[in-house]
Amino acid sequence: NGVTSVLWSNGETTAEASFFPTGNQTVWAVGSNGVCASDTAFALITVAPEPVAAFSANPLSGEAPLSVSFFNGSSNAQSYFWNFGNGAISTAENPIALYTAPGEYPVMLRVQNQAGCADSLLYNFIVVSEAFAWFVPNTFTANGDNLNEIFRPLFPVPVTYTLSIFDR
């Protein structure tokens, strides 16, 4: 007959067991078929520390195009996967992302240790605003040729301004 019950050195009685603390340790398991046969196995295992994802960014907001530097503060991590919320991804430890359009972008970092254990962190958003671009012509030619006939400052949003014109 096959094994019907298992007793681990940590007291668990499931087919798989979890062990703490981290580091090297010897564990044993006793398997039984529930009738009369049992067997004990010993193994030296290494329990890897759990990874913890952490990061900061600078700047957190600004006008497009916005270049943001990300600083990885994760612990016990060996690999990194970044999703910047703008369609770009990276596996660099401390990447830089470029945001070219206005919006709010969530940023996610997923880290993994050498044993394959993972952790992730989602930061609510990087805020990118539209660049304030304005145009004020420095000359106009009201001569009837339909080019530069009107002096007209252009602003992306309504603004109040004072205009002074001087004659040399």
Treating only the Cβ atoms of Lys and Arg (+1) and Asp and Glu (-1) as charged, compute the dipole magnitude of segment 91-168 about its Cα centre; round to the nearest 20 debye.
-> 60
Amide H contacts under 5 Å for Phe55, restricted to residues at least 5 apart in sequence or on another chain and with H modeled in the peptide plane, are Gly73
To the nearest 20 debye, what is the magnitude of the charge dipole of the chain about its Cα centre, counting +1 on the Cβ of each Lys and Arg and -1 on the Cβ of each Asp and Glu?
-> 140
Given the C-alpha centroids of segment 105-168 and segment 80-98, what is the distance between them in whole angstrom?
-> 24
Over segment 31-75, give the accessible area per residue in Å² for a 1.4 Å probe, as an integer.
-> 57
Could you please state how large a percent of the accessible area of the chain is carbon and sulfur, counting protein chains only and using a 1.4 Å probe?
-> 54
Roll a 1.4 Å probe over the protein chains and send me the accessible area per residue for segment 90-168 in Å².
-> 78
Exposure of Ile96 as accessible area (Å², to 10), given a probe of 1.4 Å and all protein chains | 120
Positive-end extreme of charge dipole, segment 1-153 - chosen from Thr40, Leu66, Tyr123 (charges on Cβ) = Thr40
Which of (i) 8.7; (ii) 14.5; (iii) 18.7 gives mean projected area of the Cα convex hull in nm² as computed here? It is (iii)
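The values are calculated or read from the model by the stated rules, or taken from the named source; none is laboratory data. Nothing here was measured: the structure is a model prediction, and the numbers come from that model. In this analysis, Cβ positions are derived from the backbone assuming ideal geometry, glycine residues included, and neighbour counts consider all displayed protein chains. The accessibility values were calculated without ligands, DNA or RNA, using every heavy atom of the protein model including side chains. Shrake-Rupley method; radii C 1.70, N 1.55, O 1.52, S 1.80 Å.
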